[in-house]
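Reading through the structure tokens given below for one structure.
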Amino acid sequence: MPHRDRYLFICTNRRPIGHPKGSCATSGSEPLVEALKSALAQLGAANRIRACASGCLDLCEIGASIVQEPDHVAYGAVTLDDVDEIASAVAEGRIVERLVVYRDGAPKGGK
Ligand code: FES
């Protein structure tokens with residue numbers, strides 16, 4: 001399989017409930033993986049864009065986290081309601097600005 005144009009790395013790390021760092025899985029990230037894969041397939045973009053389950057992205061405090069590369073942005077507090085917007089944006093080479101919490105490693109206001 002060729003290298004893809006873009007990647008969505010969806011953190012599915014799970015820590016015990018009550019852990020001080022929290023974790024994306026306990027914030028609902030696990031269903032995002034299949035939902036994004038499905039949305040990208042429906043858009044005909046799965047051959048160009050890959051949605052992958054990831055380990056901890058060190059963004060634990062912001063809820064379910066996704067890093068979009070090579071755009072080098074991080075989305076925080078992502079929910080299933082955001083999936084179609086993320087898939088459409090990445091398929092068009094765009095970013096969902098309202099979800100961005102880090103850009104090029106620097107914090108940015110998210111939702
Ligand atoms: S647990 Fe998801 S970023 Fe750390």
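Any idea which residue in segment 33-45 is farthest from the chain's Cα centre (by Cα), counting only those that are in a helix (DSSP H, G or I) and over 12 Å from residue 84 (Cβ atoms)?
41
For segment 64-75, state whether one or more residues are out of contact with any Lys or Arg (no Cβ under 9 Å at 6 or more places or on another chain), within 9 Å of the ligand (Cβ to nearest atom) and not in a strand (DSSP E or B).
Yes, segment 64-75 contains at least one residue that is out of contact with any Lys or Arg (no Cβ under 9 Å at 6 or more places or on another chain), within 9 Å of the ligand (Cβ to nearest atom) and not in a strand (DSSP E or B).
Out of 35, 106, which single residue is surrounded by 15 or more Cβ atoms within 10 Å (Cβ to Cβ) and either farther than 26 Å from residue 3 by Cβ or of a type in the set (A, V, I, L, M, F, W, C) (or both)?
Only one candidate qualifies: 35.
Quick check on my filter: what residues within segment 35-62 are touching a residue at least 40 places away in the same chain (Cβ under 8 Å), within 13 Å of the ligand (Cβ to nearest atom) and not hydrophobic (A, V, I, L, M, F, W, C)?
54, 55, 61
The numbers here are math on the coordinates, done by the rules we state, and not lab data. Since this is a predicted model, take the numbers as computed values, not measurements. Don't worry about glycine lacking a Cβ; one is built from the backbone with ideal geometry, like all the others, and counts go over all protein chains shown.
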